[in-house]
Amino acid sequence: MKKIIAAAALIIPVALALGLGGCLLEDREVEVVLNDEHCEPFVEHHTSENYTTPKDIVLGEDLDDLLADNDVSRENIVDAFLVSAFYEVTEFSHTPDWVIGGIITVERIDIGGAGPDTLIVYPELSLDEKLGVKTQVVLHADGVAIVNQAMDDYIAGSNPVLRLTVVNGYVTPSPTPGDPLDFTWEACLNVQVIATIDTEIFNFMGGS
């Protein structure tokens, strides 16, 4: 799992060091934005065009880590939602090239589970062309709704678990036991968490 975490910048109290007068420190509640890129690898080794490859995401634990890294508590979350997604072929070596097509579904496998529903479609994917390339995808609304509901449930106190499943529909040329389809790729979900924190900021006007 790879994470990229960014918090909204806060005002640094340098006014006193610069000798500026008429400045008052005030306690304020401000919003910060935390971005989390969660990538799950799928190791594929198949002798048929039609196959499924599941991967579970313990979303609650991942969000706990994100909050802990930024000294934010769950109670301070205002909103959390899925922003975007991409896939990337990370390991592939074969001649001739393979072209695959199918979908990635998402479902809840914890209590109150929902789905599966389509989250990502990958039509006519050339493994050679996509090797090392981050390809942004158009997310499907039904799948997005499952992820967003899981994050809403996390805010409410639960620890949701998601399952992403590669459901492949075709492969060209057809793999065989003697010449199997063999590659590794990853699907990455970018989520955003908006939370409040208490901090001190300068009021240069000396008023509210």
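Where a number appears in this text, it was derived from the coordinates with a stated rule and is not lab data. Bear in mind that the values here come from a model prediction, so they are computed numbers and not experimental data.
Data table
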quantity	calculated
Sequence-distant residues sharing a close amide H with ASP79 (under 5 Å, placed H)	ILE194
Distance from the range 35-78 to the range 116-186 (C-alpha centre basis), Å	12
Relative contact order computed over the range 78-195 (Cα-Cα under 8 Å; 6+ residues apart), in percent	46
For ASP110, residues with placed amide H under 5 Å, excluding near neighbours	VAL161
